[in-house]
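Q: The structure's right below; bear with me while I get my questions together.
Each reported figure results from applying straightforward, stated rules to the coordinates on display, with no laboratory input. Because the structure is a prediction, the values reported are computed rather than measured. For neighbour counting, all protein chains shown are included, and Cβ atoms are generated from backbone atoms with ideal geometry for every residue, glycine included.
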Ligand SMILES: [Zn+2]
């Protein structure tokens, strides 16, 4: 099987997983346990009729129906095909990233590569579901955080050595990866919890919920401590900018932090090395060679801090779980 087939296969699988994520996003935050169950066939959200399996095909179903439900002709939310497309795209890039010039199925299966793609995909699916649930309901459910923290800190190190980075070369590779993941979990959790406590003291308002703490623990288990730090940094930068834009456009300054953290984790997963090179090599080199670079950096940092303070202060202080 060729690499192209592998990547296209990943995209098709992504579309199907995206279809399932739509169910997760819709059902998981429901109060009623019967509605929360992920089993059972999907029903039309307007009239409650069971949806036929061929109308439920990812993306295609929406296109063939031209965006209108077969049962009651009500408009189907564009969110459904978009989540499916997004997941397909992310799975495709996950497969592409692990190419390494090494054919996956040419001479037997390269298990390390295959597992890496599988765990990246699981992580990406987790980010997509958490993003939309937090956006809609302002919660990051434990039902996603806990399993992902466990998978990230135990299963990933067992199969893919060096996934979350390395702690000490004197350990066996498996033990090294396991500790790197657990350390990432502790750093992700501790960092967010620390900012939550400081934010409460400074602003007397919850800038970050306990859901964010557990979400970052799961992210740290996957990406290691360096990845957790970078995720949090990127999440704050994007959150400050995004929150300010939202404040100007909608006058609602509430920032659900989950989507920004998820975006930070996404950038970290795909571009950790390039971002680190830019932050610690390209940028300092430019700063040494140009006087205005220092000024620019100070201004940028100030703007970011002011934006964050404005956004957090103006926040209505909705409680989060
Ligand atoms: Zn209907």
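Q: Tell me, what are the semi-axes, in whole angstrom and largest first, of the equivalent ellipsoid of region 193-291 as set by the roots of 5 times the Cα gyration tensor eigenvalues? Please report the intermediate quantities before stating the final value.
A: On the way: eigenvalues 129, 69, 36 Å².
Here the semi-axes work out to 25, 19, 14 Å.
Q: Separate question: Which value in nm describes the separation of the simple spin-label points at residue 291 and residue 78, placed 7 Å from the Cα toward the beta carbon?
A: 5.0
Q: Before rounding to the nearest 500, sum -39500 (n - 2.57) across all DSSP H runs of length at least 4 in the chain and divide by the residue total; then give [θ] at 222 nm in deg cm²/dmol. Walk me through the numbers on the way to the answer.
A: Values: 12 runs with 217 residues, N = 321.
Only helices count here, giving -23000 deg cm²/dmol.
Q: Continuing with this model, one more query. Over region 140-321, what relative contact order in percent results from Cα pairs under 8 Å that are six or more residues apart? Kindly include the intermediate steps, with their values, before the conclusion.
A: On the way: 263 pairs, mean separation 42.6, N = 182.
Across region 140-321, relative contact order equals 23 percent.
Q: May I ask you to derive the relative contact order of region 1-109, considering only C-alpha pairs under 8 Å and at least 6 residues apart, and to give it as an integer percent? Spell out each step's value before the answer.
A: On the way: 120 pairs, mean separation 47.6, N = 109.
RCO, region 1-109: 44 percent.
Q: When 1/r is averaged over all different Cα pairs and the result inverted, which Kirkwood radius in Å belongs to the chain? Can you show the working numbers first?
A: On the way: mean 1/r = 0.0467 Å⁻¹.
So the Kirkwood estimate lands at 21.4 Å.
Q: Further question: With an 8 Å cut-off on Cα pairs and a minimum separation of 6 or more residues, tell me the relative contact order of the chain in percent.
A: Details: 457 pairs, mean separation 49.6, N = 321.
Averaging sequence separation for qualifying contacts and normalising by length gives 15 percent for the chain.
Q: Within 10 Å, count the other beta carbons around each residue, average over each peptide in 15-26, 137-148, and list them highest first.
A: On the way: 15-26: 20.8, 137-148: 18.2.
Per-residue Cβ counts within 10 Å, averaged per peptide and sorted highest first, yield 15-26, 137-148.
Q: A further question follows. For the pair residue 142 and residue 281, how long in nm is the line joining their label points, each one 7 Å along Cα→Cβ?
A: So the label points at residue 142 and residue 281 sit 4.4 nm apart.
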